[in-house]
1. Considering only region 139-165, state which residues are away from the ligand (no atom under 16 Å from the Cβ) and surrounded by 17 or more Cβ atoms within 10 Å (Cβ to Cβ).
2. Against the definition (among the acidic types (Asp, Glu) and either touching a helix residue (DSSP H, G or I) at 6+ places or on another chain (Cβ under 6 Å) or crowded, with 23+ Cβ neighbours inside 10 Å (or both)), how does ASP108 come out, yes or no?
3. Starting from residues that are in a helix (DSSP H, G or I) and surrounded by fewer than 19 Cβ atoms within 10 Å (Cβ to Cβ), keep the ones in region 222-243 and report whichever is farthest from the chain's Cα centre (by Cα).
4. Cβ-Cβ distance below 6 Å, separation of 6 or more or different chains: which pairs start in region 145-160 with a residue that is closer than 16 Å to GLU96 by Cβ and end on one that is aromatic (Phe, Trp, Tyr) and part of a loop (DSSP other than H, G, I, E, B)?
5. Just give me the residues in region 172-200 being closer than 21 Å to PHE103 by Cα and either more than 16 Å from the ligand (Cβ to nearest atom) or part of a strand (DSSP E or B) (or both), in sequence order.
6. Could you pull out the residue among VAL246, VAL218 that is buried (at least 17 other Cβ atoms within 10 Å of the Cβ) and either at positive phi or within 13 Å of the ligand (Cβ to nearest atom) (or both)?
7. Within region 9-55, which residues are polar (S, T, N, Q) and either more than 8 Å from the ligand (Cβ to nearest atom) or closer than 15 Å to ASN187 by Cβ (or both)?
8. Of the residues GLU49, GLU57, which single one is in contact (Cβ under 8 Å) with a residue 12 or more places away in the chain, within 19 Å of the chain's Cα centre (by Cα) and over 15 Å from ASN85 (Cβ atoms)?
Amino acid sequence: MEKIALVTGSSSGIGFETSLALARDGYYTFASMRDITKGTTLKEIAKKEDISIEVIEMDVDKEESIKSAIEKIFVDKKRLDLLVNNAGYGQFGCTEDVTIEEFREQFDTNFFSIVKIIQEVAPIMRKQKSGIIVNVGSIVGRMGLPGSSAYISTKFALEGLSECLRYELGMFGIKITIIEPGVIKTNFFDSMRIPHSKTDPKYQEITEHILNGLKMMVEMGTDPSQVAQSIINAIHDKEILPRYVVGSDALMFIEAKKAKTDLEFERYMSKELFPS
Ligand SMILES: NC(=O)c1ccc[n+]([C@@H]2O[C@H](COP(=O)([O-])OP(=O)(O)OC[C@H]3O[C@@H](n4cnc5c(N)ncnc54)[C@H](OP(=O)(O)O)[C@@H]3O)[C@@H](O)[C@H]2O)c1
């Protein structure tokens, strides 16, 4: 039977590569994006390689857009085997510098949209008694850092949601996992939102320091195709694990976190971030 996949945020980066990797793996892949004019390259590659990619519109900030995209998939294909929740952006800035509206917008796109999409997709998968949901989290979903608390909080929230869903949807044969990439070479850092509010010069100093560090890391960052490959590996695992870490930087931090107490890890990260 033809396997059907849906990926959000397929216009670039991890979503783009994951849509291609899934289609190459035999999935009929609905590559969703809010601006379908950005789907030209995906369509050209799909045609050239004779793989099944259909570009569809979905703005994850709009409930109606989510509903109509999933309805279209169900009407056309009558099933959905795999959902990859990938769309997102980064709101930077220290907590006091980020307005409550900016916090809410960040949660709307990176977290509440995923809740909504799962609420639309779960009934289809429950009826099938099968399905896989892959949430694209981040290594910062497991460690707080200064300068981007809104973004990091969404990824912590996604960790919690994913763990809960493993029990709730697991009962119906639906598998959930979260992918935790480190720094990946994508458009992510160009699309970051930097706050207008400047409460204290010290906050600005910290945010700029972190941003400059990240920009340097991006140069040596992991290719998004590796995240896509780790998603392919995850969905083929005999037993899909709760989480998969991607990238040597992410693995290094997670190993350090496992080996240290919370306080030791905080001191270690402070030295990594602010070497004096
Ligand atoms: N790059 C990293 O270092 C890194 C590390 C860990 C986790 N991640 C996570 O990986 C995911 C993908 O990011 P990326 O690195 O591939 O960055 P990216 O190249 O900027 O891709 C982000 C994607 O999300 C889409 N998007 C944003 N808001 C949307 C909305 N309201 N509706 C639909 N699509 C929307 C963007 O679409 P437009 O083209 O329309 O803007 C784009 O397709 C994100 O969840 C991010 O948090 C990234």
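No value in this document is a laboratory result; all are computed from the given coordinates. All of these numbers come straight from a predicted model, not from anything done at the bench. As a convention, Cβ positions derive from the backbone with ideal geometry for all residues, glycine included, and neighbour counts pool all protein chains shown.
1. Answer for region 139-165, where residues must be away from the ligand (no atom under 16 Å from the Cβ) and surrounded by 17 or more Cβ atoms within 10 Å (Cβ to Cβ): PRO146, LEU165.
2. Working: among the acidic types (Asp, Glu): yes; either touching a helix residue (DSSP H, G or I) at 6+ places or on another chain (Cβ under 6 Å) or crowded, with 23+ Cβ neighbours inside 10 Å (or both): no.
No; evaluated as a whole, the condition is false for this residue.
3. Residues of region 222-243 that are in a helix (DSSP H, G or I), as a first pass: 224-236.
Keeping just the survivors that are surrounded by fewer than 19 Cβ atoms within 10 Å (Cβ to Cβ) gives 225-226, 229, 232-233, 236.
Values: SER225: 14, GLN226: 14, GLN229: 14, ILE232: 15, ASN233: 16, HIS236: 19 Å.
So the residue we want is HIS236.
4. These pairs meet every condition: SER148/PHE92.
5. ARG193, PRO195, HIS196, SER197, LYS198, THR199, ASP200
6. Details: VAL218 fails: buried (at least 17 other Cβ atoms within 10 Å of the Cβ).
Result: VAL246 is the single residue among VAL246, VAL218 that is buried (at least 17 other Cβ atoms within 10 Å of the Cβ) and either at positive phi or within 13 Å of the ligand (Cβ to nearest atom) (or both).
7. Step one: of region 9-55, the residues polar (S, T, N, Q) are 10-12, 18-19, 29, 32, 37, 40-41, 52.
The answer is SER10, SER11, SER12, THR18, SER19, THR29, THR37, THR40, THR41, SER52.
8. On the way: GLU49 fails: within 19 Å of the chain's Cα centre (by Cα).
The unique qualifying residue is GLU57.
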